[in-house]
Each structure stands twice: as structure tokens, then as C-alpha cells.
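Participant: Here it is: the structure, laid out below.
Here, each number is a calculation from the coordinates, and none is a lab measurement. Because the structure is predicted, anything quoted here is derived from the model rather than measured. FYI the Cβ positions are ideal-geometry reconstructions off the backbone, even for glycines, and counts take in every protein chain you see.
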Amino acid sequence: KDFLINGTENDTKHYKEFLEKSKGFMTTAQQSVGNPELGQQLKAAADKIDQFDATFGKIVAIKGERDKLVANLDRLGLSMEQTLTEIMDKAAKTGATHTGYTAGLTIRSLLIGRLHASRFLDTGLPADAEQVLTDLTELEPALKDLKGSLLRVEWQALVEDITKNLGEYQAAFTVLAAKTKERNGLVATSLDKLGPEIIESADKI
């Protein structure tokens, strides 16, 4: 649970320490049991511990993939924001008021989308993921309006760069949302199920 919340190496270390203790106790119990029926129950519990550990390993791997995706989203988001700011600066220096205003609205939409993306990283809720994808989709017409308002052709290349980065951002976030759904599914259908079952079995034994 600590790993799911914080995702630190220290959390993984503590998990492994307690898991090894659990396996050690289980091995000792299996070696000392004299009742065949209890022996079968112990084996079943030990198998579930192995399943739990295998699932947790998958979740750790997903965490690594998610971290890479988040780093890429941060890079793309910052790049888009900086390019839009550059357009605003150019517009301000040349008196292109409408262009500057449109760029400002686009930055606002981008920041809202990134804010919702940050919230999704905390909650992992499907509804929050849908909100981010909606925000990103709404950015597309804003960029078209911005490109149409540009007084200088050379500035259009900047908008094209933003549009390209937006497409990459959308693709990366879609994968991130899918990985998060996979992680949540493993937690709900495996860890949250196996954990109580193992504890219940040990209590009965």
C-alpha cells in the first residue's frame, strides 16, 4: 500500500523484507506440520504468497513504465508552454494584440489540461483520465485559431511544433491511462483479494 501511494525504492525494500519473513515463517510451518490436511492448507497459502509476489512484481514494472511516460509528458507540456509564451512575446513586441490574446487563451487551456493530468496521477480515476483527454481535444481548435491569427508566416512553424507535441502528448497520456488501469486492475483483482485470503488461511491454520 505504501508503494502504491509513494512508489519509492524504500517502500519496495520494506515490502521485500516483510515478504521474505512471511516466506520464512511459511517454510518453517510446512517443515513442522504433521497433519496432511494442514499441510495442504499451508501449501495453498504459500502458493498464494507466490502469486501475490508475482503480481506485485508486475505492478513495480508498470510503475517504471509510468515514470517514463510522466517524464515525457512533462517535457512535452513544458515545450508547448514555452513555445506559446514565445509567440506571446513576439506578438507583444510587434503589436499583434489579437495573436497575443489568442496565444494566452491557448496557454490557459494547456495549463488546465496539465493540471487535470496531474490530478489523474494522484487519483488514477477513469473519469479524471477522460477529462484530460477532453481538455487535450479542445486544444486542437484553439491551435487552429491561433495559427489563423498569426500575422507572420514564420510564426506558423511554431504552432506546427506545438501541434506535433500535442499529438505526442495525447498518445503518451493514452498509454499512461491504460497502464494505470492495468495497475488498478491487478491491485483490485489480485492483491486486494489474495492478501485477506492469505491472512484468513493463516489464522485458521
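Participant: Based on the Cα gyration tensor of segment 51-112, what are the three equivalent ellipsoid semi-axes, each the root of five times an eigenvalue, rounded to whole Å and given largest first? Write down the numbers at each step before the final one.
Facilitator: Values: eigenvalues 358, 18, 3 Å².
Semi-axes from the Cα gyration tensor: 42, 10, 4 Å.
Participant: What FRET efficiency comes out for the pair Q51/D74, r = Cβ-Cβ distance, R0 = 25 Å, nearest 0.05? Please report the intermediate quantities before stating the final value.
Facilitator: Working: r = 35 Å, r/R0 = 1.40.
Computed FRET efficiency for Q51 and D74: 0.10.
Participant: If you don't mind, there's one more thing I want to ask. Compute the signed sum of charges (Lys and Arg +1, Asp and Glu -1) over the other residues within less than 13 Å, Cβ to Cβ, of I198.
Facilitator: Local net charge: -2.
Participant: Report P(r) for the chain: all Cα-Cα distances, bin width 5 Å, range 0 to the bin holding the largest distance, values in whole percent.
Facilitator: Computed distribution, short to long bins: 1, 7, 13, 14, 11, 9, 8, 7, 6, 6, 5, 4, 3, 2, 2, 1, 0, 0.
Participant: Towards the positive end of the charge dipole of segment 60-161, with charges on Cβ (+1 Lys, Arg; -1 Asp, Glu), say which of A71, L136, L150 has the farthest Cα.
Facilitator: L150
Participant: Per DSSP helix of 4 or more residues, -39500 (n - 2.57); summed, then divided by the residues of the chain. What does that give at 222 nm, rounded to the nearest 500?
Facilitator: After summing the helix terms and dividing by the residues of the chain, the value is -32500 deg cm²/dmol.
Participant: Now, a different point. Any idea which of H116, A91, F173 is furthest toward the positive side of the dipole for segment 57-205, if Lys and Arg beta-carbons carry +1 and Asp and Glu beta-carbons -1?
Facilitator: So the residue we want is A91.
Participant: In addition: Give the span of segment 89-138's Cα atoms along each principal axis, as three whole-Å numbers ordered largest to smallest.
Facilitator: 44, 17, 9
Participant: Using Stokes-Einstein with the Kirkwood hydrodynamic radius over Cα pairs, what translational diffusion coefficient do you get for segment 1-117 at 25 °C and a viscosity of 0.890 mPa s, in µm²/s rounded to a whole number? Let's see the in-between values first.
Facilitator: Working: Rh = 19.0 Å.
The diffusion coefficient I find is 129 µm²/s.
Participant: Here's a follow-up. Just how large is the dipole of the chain about the Cα centre, in debye to the nearest 20, putting +1 at every Lys and Arg Cβ and -1 at every Asp and Glu Cβ?
Facilitator: 180 debye
Participant: Quick check: residue separation of E168 and K23 times 0.36 nm, minus the Cα distance between them. What number comes out in nm?
Facilitator: 47.8 nm
Participant: Only four residue types carry charge here, +1 at the Cβ of Lys and Arg and -1 at the Cβ of Asp and Glu. Report the dipole size of segment 83-184 about the Cα centre in Debye, rounded to the nearest 20.
Facilitator: Working: 12 positive and 14 negative charges, 23 e Å.
For segment 83-184, the charge dipole is close to 100 debye.
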